[in-house]
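All remarks here apply to the structure that follows.
The values are calculated or read from the model by the stated rules, or taken from the named source; none is laboratory data. Being a predicted model, the structure only gives us computed values, none of them experimental. Positions of Cβ are generated from backbone atoms using ideal geometry, with glycine treated the same way; all protein chains shown enter the neighbour counts. Ligands, DNA and RNA are stripped out before the accessible areas are found, and what is left, the full protein with its side chains, is counted by its heavy atoms. Shrake-Rupley method; radii C 1.70, N 1.55, O 1.52, S 1.80 Å.
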Amino acid sequence: MNGKSVKLAVLKGDGIGPEVVQSAVEILRFAAERNSLSLELVELKIGLEAYKLFGRTFPPETLEGMKLCDGWILGPLSAGSYPKDDQDYPMASGKIRKEFDLFANIRPIKSLARGLNKNIDLVIVRENTEDFYPDRNLFKGYSEFWPNEDTVLSLRVITRKACARIAEAAFRLASSRSGKKLVTAVHKSNVLIEGDGLFLEEVRKAARNFPEIRLNDGLVDSVAMQLVTSPQSFDIIVTTNMFGDILSDVAAGSAGGLGLAPSLNSGEKYAMAQAVHGSAPDIAGKGIANPTAEILSVAMLLKWLHSKIGNESARDTAGDIERATYEVLDSTESAALTVDLGGEANTKRFTREILDRLGKLV
Ligand code: NAD
């Protein structure tokens, strides 16, 4: 990686993955060209396509190829329906987060287009490596167990290190953006007394280094309700893995739908663009998916690359992608908007609209 050129892996994923990733890549290429960003894209196989070719959903060649890139664009994976004989069962996405220590899952939720609520502008900062996720919360092994044929034990792991670093990531973000300067720590410490007690302790410790940021906290059930009734009151939400996963869908629903919710998985060395939504089997192959979430995830990845390597063309490319996408989403023409937003456009038409806007940006 040098100051100017950027090498990204493209992993299309399953279901609507190839459709939304293709759209995001077309837009990326066009915006990169406009901003003289030297870009190399490498396609790597993952998911059901990889299973057909290699008998597994996350082949070693893909992992090795990823190591040679500056960042990755991943489409959603149909992990819920992967064959049980897949060597990479249950899912590549967890393996990637664990292998590359992508500990912070950053999920911005903004009112775009026709959401239930206006003026939402919050970010969910979700811990990504432990908690109730059995595919990544142990050094080795899978943390669900069958002590007998009628009982399953699922292990929750909360560590001081993971809590401390996600808390710091949340405060840094609150400090760097022109928001409400408010971090809300979301937990269930009345029930998960020890684990969420530890989480809160580390959040409060991190808060001491950011005196300009207010710290609030709330129980996850109550916050879920507020994300529907008064989502405008939040700025940064920091939380553990599973709560963050669930709350991002709640907040996305309030703001306009899953098709609009981007996300970045990031660590110290690597980052991966991956929309919040899944592979949407109910609409896969119909060409009607909303690619906004994947497109804006790519913009997040470019901004992350700028913050790491100072590549200004990457930052400008991200800025153009965001502006053109927001302009199309602001459109009142239903012909330009996708079906999930009440419009009539298919994925290709919506992509063309963004490409047209990109061409006209000054
Ligand atoms: P989902 O997010 O795929 O779909 C939920 C609903 O939202 C569906 O009605 C779908 O049509 C709609 N939707 C999602 N993305 C959309 C888009 N871009 N445009 C328009 N509508 C969109 O959730 P699900 O149905 O519960 O899960 C399907 C599969 O995806 C499962 O196998 C699950 O394991 C997997 N999954 C993967 C990820 C990921 O890879 N990041 C995340 C969540 C679920």
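Of all the residues that make up the range 162-181, how many are open to solvent by less than 10 Å² (accessible area, probe 1.4 Å) and more than 13 Å from F199 (Cβ to Cβ)?
Going residue by residue through the range 162-181, those that are open to solvent by less than 10 Å² (accessible area, probe 1.4 Å) are 162-163, 166-167, 170-171, 174.
After this cut, where a residue has to be more than 13 Å from F199 (Cβ to Cβ) as well, the list is 171, 174.
Of the residues in that region, 2 qualify.
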Within 20 Å of L74 (Cα to Cα) and within 16 Å of the ligand (Cβ to nearest atom): is that true of G343 in this structure? no
Checked the range 70-92 for anything open to solvent by less than 10 Å² (accessible area, probe 1.4 Å) and either free of Cβ contacts under 8 Å to residues at least 12 places away in the same chain or within 19 Å of the chain's Cα centre (by Cα) (or both); matches are G71, W72, I73, L74, G75, P76, A92
State all residues of the range 7-25 that are surrounded by fewer than 24 Cβ atoms within 10 Å (Cβ to Cβ), within 15 Å of L302 (Cβ to Cβ) and within 16 Å of the ligand (Cβ to nearest atom); if no residue qualifies, say none. A9, V10, V25
Right, H277: at pLDDT 95 or above, farther than 28 Å from K205 by Cα and away from the ligand (no atom under 15 Å from the Cβ) or not? no
Keeping to the range 230-262, report how many residues are surrounded by fewer than 24 Cβ atoms within 10 Å (Cβ to Cβ), more than 8 Å from the ligand (Cβ to nearest atom) and assigned to a loop (DSSP other than H, G, I, E, B). 2
Is there a residue being modelled with pLDDT of 90 or more, within 14 Å of the ligand (Cβ to nearest atom) and either farther than 25 Å from V20 by Cβ or touching a Pro at 6+ places or on another chain (Cβ under 9 Å) (or both) anywhere in the range 135-143? yes
Given (1) open to solvent by 40 Å² or more (accessible area, probe 1.4 Å); (2) free of Cβ contacts under 8 Å to residues at least 24 places away in the same chain, index of the condition S143 fails: (1)
Pairs with Cβ under 7 Å, 6+ apart, first in the range 236-255 and closer than 14 Å to I166 by Cβ, second open to solvent by 40 Å² or more (accessible area, probe 1.4 Å): I236/L173; N241/F132; M242/F132
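Is it the case that the range 341-348 has a residue that's open to solvent by 40 Å² or more (accessible area, probe 1.4 Å), within 19 Å of A32 (Cβ to Cβ) and modelled with pLDDT of 95 or more? Step through it out loud before you land on a result.
Filtering the range 341-348 for residues open to solvent by 40 Å² or more (accessible area, probe 1.4 Å) gives 342, 344, 346, 348.
Subsequent filtering for residues that are within 19 Å of A32 (Cβ to Cβ) retains none.
No, because not a single residue in the range 341-348 is open to solvent by 40 Å² or more (accessible area, probe 1.4 Å), within 19 Å of A32 (Cβ to Cβ) and modelled with pLDDT of 95 or more.
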